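To start, I am sharing the structure in question, which I have written as structure tokens.
The values are calculated or read from the model by the stated rules, or taken from the named source; none is laboratory data. Note that the coordinates shown come from a computational prediction; the quantities given were computed from them, not determined experimentally. FYI the Cβ positions are ideal-geometry reconstructions off the backbone, even for glycines, and counts take in every protein chain you see. Each accessible area value is taken on the protein alone, full model and side chains, heavy atoms only, with ligands, DNA and RNA left out. Shrake-Rupley method; radii C 1.70, N 1.55, O 1.52, S 1.80 Å.
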Amino acid sequence: MYTTNDGMSIMPNSVHQLPPGLSLRRLIYAWLLDPNIKDNLRAKFDGYIAMLIIGNLLVMVFENVPGIYDNHKAWFHIFDLFSIAVFSIEYLLRFYLAPEDAEFAKSRFPRLRYVFSIYALIDLAAILPFYAALLLPIQTDLRMLRVLRLLRLFKLFRVLIPALREFKQLNRGRTFRQHVHALVSPSEFGGRLHEMFDMTIMLWVVISVVAVVLESVDMVYRDLAVEFVVLDAIAVSVFTAEYLMRLYSCVEDPRFKHWFAGRYRFATGPAAVVDFLAIVPFFLEALLHHLFDLRFLRVFRLIRLMKLTRYTGATQTLYAAMKREWPVIGAAAFIMMLLVVVAASLGYLFEHDAQPDKFENIPQSIYWSVITLASVGYGDISPVTPAGRAITVVLALLGIGIFAVPAAVLSSAFNDQLRIERETMQNELYKMLEDGKISEEEQHLIDREAARLHLSGPEVQRIMERARQQRLLENTGHGGIPFAVMQERPAVALQQYRMLVGQLRQIAELADRKQMAMMLANPGDATDFERHLWQLIEAQGGSGKSVSSEANVSGT
């Protein structure tokens, strides 16, 4: 609640609605921490703190790799000092703004109550070990301090607990399966907890893929072999739980309604197949390692990277664009294949006698034609005969253009698909504005669609403004004045009526009256009212009497 200069209390939904003359403390709280203001910096502030906490966890892992830690001790120390500085500033900032928080404002000593709140104790525990070791004359094992830094992970509860409360509120009275579906699938019941679930899966995808890459580095793998095994087991557990949750709750989606057939359709879908392939190498290696050497399956863990396509709208847009323009892209691909085969055949014909080891057959020549057409030219195979070199020149020039065709088509189709989806979003906004306002559920749908289309806040506002103007134009009469206004204010309606009458008189003076009378005489071209109105205009002629007065006399 904020108080204006004239003493009125308001609850703004936007930072643009903040009353002037606020104190610095109230202004900072409104911009950074107020949960009732939707477009402030609170979400970004909490997000950056969460990213820093996760960064601390990753740093603790790499500190156990001597080959990395010993060579970059200074950078690790700088990152730790930076984290402590940020967490300390956050703690002091929340302490300073505690009187503005509704949870502590009613207390006689709001800051004291904040200090003993669960969130403040977690924040303090995250930084206290550092200051205790720095200021107090005690001998502390450095490894113990590193372990105590795990307390910083508890700071995530500041974001998690409110999200859990919101999730319970949104799903009150719903079944357990509906709860699970709301958690794993985008809907109006997911709230922030669904977003956190997606972020957690994305984070584990990145961590597991980075672990697979680092396993190939002998120096890192030698020191963290056990940790990599544990990390992969945790990642597989997370992905398996996600897959089972999606399979269990997919019947809540109308597309997969039947208990068995619906789940089968879901399991054979592209997204579910990727989820399955992300976990199956682990189980195959664990169950069949005594029969077969399946270590090669570990590289297939990189398929987990494809799970990220579920969480980006750009991938869906690109897929839709490719599906729409597939005939053109397919034609370009056919032409490329034709050129590759023809060039490989000619290369074999002209170069086989001169270089039988490099142009041994046409399939081997296809390799040369592909790298030449793609303008790569590794140099391991190159023609030596004049005819072969001439073909290479022509092929290289054709490659510049032939590869540009599908790229240009795909780029144009992608932009066109984005335009279509944004116009669709504007049409949806147009329907939402039928009642003149945007509900909380509709706002959630708008935010989700804007995130999928990568629209910024100002861009969404511009689209909403265009939708409002379109709705206003449809609901307005002559002169751009809404019908509702003319209905409520007869004086405005009378003014519009007189303007229309003046325009009718100008039309009568400029038009050919005989032709107008002939056209109006046709029953299919005019109504009785239009013919009667024209007769009134004809009758008054240039006498200066108004049509409105004639209409009043005649009772029209």
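Among the candidates V238, V206, V180, V184, single out the residue that is at pLDDT 90 or above, under 20 Å from the mean Cα position of the chain (by Cα) and either under 24 Å from M306 (Cβ atoms) or open to solvent by 50 Å² or more (accessible area, probe 1.4 Å) (or both). Show your work before the answer.
Working: V238 fails: under 20 Å from the mean Cα position of the chain (by Cα); V206 fails: at pLDDT 90 or above; V180 fails: under 20 Å from the mean Cα position of the chain (by Cα).
Checking each option against the conditions leaves just V184.
Collect the residues in region 284-298 that are within 13 Å of D232 (Cβ to Cβ), of a type in the set (A, V, I, L, M, F, W, C) and at pLDDT below 75, keeping them in residue-number order.
Correct list: L297 only.
Taking region 254-283 as the search range and keeping residues that are open to solvent by 70 Å² or more (accessible area, probe 1.4 Å) and of a type in the set (K, R), which one is modelled with the highest pLDDT?
R265
Same structure, new question: Filtering region 372-387 down to residues that are in a helix (DSSP H, G or I) and at pLDDT below 85, which residue is nearest to P327 (Cα to Cα)?
That would be L373.
Related question: Being β-branched (V, I, T), open to solvent by 40 Å² or more (accessible area, probe 1.4 Å) and either more than 30 Å from T200 (Cα to Cα) or modelled with pLDDT under 80 (or both) is the requirement here; does V61 meet it?
yes
Sort through A74, A133, A85 and tell me the only one that's of a type outside the set (K, R) and within 36 Å of the chain's Cα centre (by Cα).
Details: A74 fails: within 36 Å of the chain's Cα centre (by Cα); A133 fails: within 36 Å of the chain's Cα centre (by Cα).
A85 is the lone residue from the list that is of a type outside the set (K, R) and within 36 Å of the chain's Cα centre (by Cα).
Now a separate question. Every residue in region 371-412 that is touching a Ser or Thr at 6+ places or on another chain (Cβ under 8 Å) and open to solvent by less than 60 Å² (accessible area, probe 1.4 Å), please.
Hits for region 371-412 are T372, S382, P383, T392, L395, A396, G399.
So, one more: May I ask you to list pairs of residues, at least six apart or on different chains, whose Cβ atoms are under 7 Å apart, with the first in region 395-417 being free of Cβ contacts under 8 Å to residues at least 40 places away in the same chain and the second being of a type in the set (S, T, Y)?
A396/T372; A396/S375; G399/T372; G399/S375; I400/S375
While we're on this one: Please report, ordered by residue number, the helices (runs of 4 or more DSSP H) entirely within region 176-264 with at least 2 residues that are over 30 Å from K38 (Cα atoms) and of a type in the set (A, V, I, L, M, F, W, C).
Per the criteria, 191-215, 218-249.
Is there any pair with a first residue in region 427-455 that is of a type in the set (D, E) and a second that is surrounded by fewer than 17 Cβ atoms within 10 Å (Cβ to Cβ) and at pLDDT 70 or above whose Cβ atoms are under 8 Å apart and which are 6 or more apart or on different chains, and what are they?
The qualifying pairs are E441/E188; E449/E428.
Right, something else. Of all residues in region 127-162, which are crowded, with 17+ Cβ neighbours inside 10 Å and modelled with pLDDT of 85 or more?
The answer is I127, and nothing else.
Moving to a separate point now. Scanning region 187-199 for residues that are under 16 Å from the mean Cα position of the chain (by Cα), open to solvent by 40 Å² or more (accessible area, probe 1.4 Å) and not aliphatic (A, V, I, L, M), which turns out farthest from E242 (Cα to Cα)?
E188
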